[in-house]
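Notes follow once the structure below has been shown.
The values are calculated or read from the model by the stated rules, or taken from the named source; none is laboratory data. Please read these numbers as outputs of a predicted model, since none were measured by experiment. Counting neighbours? That spans all protein chains shown, and the Cβs are built from the backbone with ideal geometry, glycine included. Areas reflect the complete protein model, heavy atoms only, side chains present, ligands, DNA and RNA absent. Shrake-Rupley method; radii C 1.70, N 1.55, O 1.52, S 1.80 Å.
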Protein chains: 2
Amino acid sequence: MRSGGQETGRHLFWVWSAGIRGPLGMVEKRGVVLVPELLGTTENELGIRKWLEDQGHTLVTTSSKEGEDSVFDKELVDAEIIITTPFHPGYLTAERLAKAKNLKLAVTAGIGSDHVDLNAANKTNGGITVAEVTGSNVVSVAEHVVMTILVLVRNFVPAHEMIEQGRWDVAEAAKNEFDLEGKVVGTVAVGRIGERVLRRLAPFDCKELLYYDYQPLSPEKEKEIGCRRVEDLEEMLAQCDVVTINCPLHEKTRGLFNKDLIAKMKPGSWLVNTARGAIVVKEDVAEALKSGHLRGYGGDVWFPQPAPKEHPLRYAKNPFGGGNAMVPHMSGTSLDAQKRYADGVKSILDSYLSGRFDYRPQDLIVHGGDYATKAYGQRK
Amino acid sequence: MRSGGQETGRHLFWVWSAGIRGPLGMVEKRGVVLVPELLGTTENELGIRKWLEDQGHTLVTTSSKEGEDSVFDKELVDAEIIITTPFHPGYLTAERLAKAKNLKLAVTAGIGSDHVDLNAANKTNGGITVAEVTGSNVVSVAEHVVMTILVLVRNFVPAHEMIEQGRWDVAEAAKNEFDLEGKVVGTVAVGRIGERVLRRLAPFDCKELLYYDYQPLSPEKEKEIGCRRVEDLEEMLAQCDVVTINCPLHEKTRGLFNKDLIAKMKPGSWLVNTARGAIVVKEDVAEALKSGHLRGYGGDVWFPQPAPKEHPLRYAKNPFGGGNAMVPHMSGTSLDAQKRYADGVKSILDSYLSGRFDYRPQDLIVHGGDYATKAYGQRK
């Protein structure tokens, strides 16, 4: 079934999920136990191999994607569909798109298609379709945001490490521990994730829930959630004890949280980023944490990914020796989310393969040579 | 002002907060910075020294409380009021109470008075008053519970440790990561904390929110929160993906979560305990975690406290190498909570010293020789 071209079937697929790869076992008494729910891996291939091969299509899976001799660069020339996860993506640069003469559809198994040069995609083969599984991980990410806020505000990490180290010093743990109640929390963008974050924060009796977005929520929604729009970003940041970033990465948000903007934040505030690593300037965040201007920084997105060993945000701490709640890019890839996005990829493939092209409109990023969503390029 | 008796004023006080002790500084560029908000410490003495001394009273503060030669055991003989934190308490055993001939009032600077032998207290000096600052930390603990649930369900600890170690393996982190959405969560007791936990969980779209309590919530509250009572504890546990313990420690709950009861829990479930360490049998919890029957255990209470270096729940892990979210006893002692309980202790002291005895009824545990709350002894 392994093939480099189209000779064995109508289509060539790539499920490409480097960074989520095996062995996927856990060691227990009975030996190695596989985790078949871990669908987004090179081994489990979203659970779609049999379904595709039964239709006569070819599926090639690889995690070799760096350098000109990579399997990706070689297979790219024939591939009609490329599937990748957003967690450790296969970057579709303008150079690579120029080589992909048969490419019609690029699917992100998850959410976030900034690994594709979308302007170039609109010019490739008359305009390829870039689609993602909108909504498949929004709940997962929103939960991760609320968790990270609580972990930072309540000073969980240094307290847990103290226990692991065999120590016990309540004062040391408590001296940087706060309640979320009574704090001001603001989200940068109130889309599918930002709104879910605010809804989950509503019963915590925060002093205020704020949002910054070019598109306001309806007055009914604002009332239901108990939140308020602030039209100026800097004005919002100056009021917030906690800031959560929930906007996409595009030309206007790249490097948005740099030294200058962070300086506008309230001293001693917490910053959570589960959107994209490049929205912050990592050195500036590390410096602000070190000085204590930021009391904490947490999230699961990095630039670049995977984060190199020496990435400053792995080790940056506040003056109390805590305030770091970073994890690898995982918030959207819980086992529950993997089930949802595997189902969603299958549905997108079926729309294409059946010739119905009945995509869910919200899944389309670029289509027919143009942007299909407001979230990306056209806000430049 | 240091005094062993009553010669310098009408009353002798003890603010006794061993376990929350200094130095309370954080090291930063400017040197050592004290944290004056850390009120529940031997240094900061709830911020009440001046207020007491201005009234002619004597305040003795110590963290020496172990052994017969401890300052506690010596001063106990004269003390009229004893104040202690619940985090590393000064145990008022029957033996110690027998020596405390002047004792009238024992105040817990926080919540949880099981460090006092309440039956003996009812017979001491015609019945001493035991009071605590009800409500002062319920929000803090409820937040800690929600945080701990998310930390366990979303597999935060192994993921963060991977980052600290310079590693990157999304599959390893994700293979034990779930969403809280769609899970069944149950609380053992739905008092001030349990109810607040359920309210905070309401927007997470759990499959069901359950509670077990001898006293049902009103149908209106059940509907508002979206929760359901299960009359039999084992029946509730069998349905729950997540169990949170929010009942007081008394003779019926001591050792409640032993091997037999844990076996009734759903395989692969998570258990959170922020109530009292002795409600679980620590060896049985550690064993259940090791076997994977419990996927995770977390919370901030231990038996005994402080947890000795070799306490099994410091190091117990599930077969994935995670599932431990333990911290020292800190959930109720955030800086925000310390302000609330310091204010509450001052108010209780004022009620006593002024001779008005106008305590808030909900603050009284035993009073006038009898139990003043349903939460403790009389349910035996």
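Please go through region A:34-61 and give me each residue that is assigned to a loop (DSSP other than H, G, I, E, B) and either of a type in the set (A, V, I, L, M) or closer than 23 Å to residue A:337 by Cβ (or both), ordered by number.
A:34, A:35, A:36, A:37, A:38, A:39, A:40, A:41, A:42, A:43, A:44, A:48
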Give me a count of the residues in region B:212-260 that are out of contact with any strand residue (DSSP E or B) (no Cβ under 9 Å at 6 or more places or on another chain) and closer than 24 Å to residue B:285 by Cα. 10
Complete set of residues in region B:334-371 that are away from every other protein chain (no Cβ under 14 Å), hydrophobic (A, V, I, L, M, F, W, C), out of contact with any strand residue (DSSP E or B) (no Cβ under 6 Å at 6 or more places or on another chain) and buried (at least 23 other Cβ atoms within 10 Å of the Cβ): B:349
Being β-branched (Val, Ile, Thr) and over 23 Å from the mean Cα position of the chain (by Cα): is that true of residue B:184 here? yes
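In this structure, does residue B:267 turn out to be within 14 Å of another protein chain (Cβ to nearest Cβ), open to solvent by 30 Å² or more (accessible area, probe 1.4 Å) and touching a Lys or Arg at 6+ places or on another chain (Cβ under 6 Å)?
Against the criterion (within 14 Å of another protein chain (Cβ to nearest Cβ), open to solvent by 30 Å² or more (accessible area, probe 1.4 Å) and touching a Lys or Arg at 6+ places or on another chain (Cβ under 6 Å)), residue B:267 does not qualify.
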Go through (1) closer than 18 Å to residue B:141 by Cβ; (2) open to solvent by 20 Å² or more (accessible area, probe 1.4 Å) one by one and return the number of the condition residue B:201 breaks. (2)
With the requirement that a residue be in contact (Cβ under 8 Å) with a residue 24 or more places away in the chain and in a helix (DSSP H, G or I), what does region A:67-81 give you? A:72, A:73, A:74, A:75
Please enumerate the residues belonging to region A:180-190 that are facing another protein chain (nearest Cβ under 7 Å) and open to solvent by 10 Å² or more (accessible area, probe 1.4 Å). A:181, A:182
Total residues in region A:115-137, condition among the acidic types (Asp, Glu) and closer than 15 Å to residue A:364 by Cβ: 1
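Hey, does region A:191-204 have a residue that's of a type in the set (A, V, I, L, M, F, W, C), modelled with pLDDT of 95 or more, within 28 Å of residue A:154 (Cβ to Cβ) and not in a helix (DSSP H, G or I)?
Within region A:191-204, none of the residues are of a type in the set (A, V, I, L, M, F, W, C), modelled with pLDDT of 95 or more, within 28 Å of residue A:154 (Cβ to Cβ) and not in a helix (DSSP H, G or I).
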Test each condition in (1) assigned to a loop (DSSP other than H, G, I, E, B); (2) facing another protein chain (nearest Cβ under 9 Å); (3) surrounded by fewer than 22 Cβ atoms within 10 Å (Cβ to Cβ) for residue A:177 and report the one that comes out false. (3)
Here is a check on your reading of the model: is residue A:209 within 11 Å of another protein chain (Cβ to nearest Cβ) and closer than 19 Å to residue B:196 by Cβ? no
Of the numbered conditions (1) under 21 Å from the mean Cα position of the chain (by Cα); (2) closer than 30 Å to residue A:51 by Cβ, residue A:356 satisfies every one except a single condition; which is it? (1)
Hey, could you check region B:205-236 for residues that are part of a strand (DSSP E or B) and hydroxyl-bearing (Ser, Thr, Tyr) and say which is least open to solvent (accessible area, probe 1.4 Å)? B:211
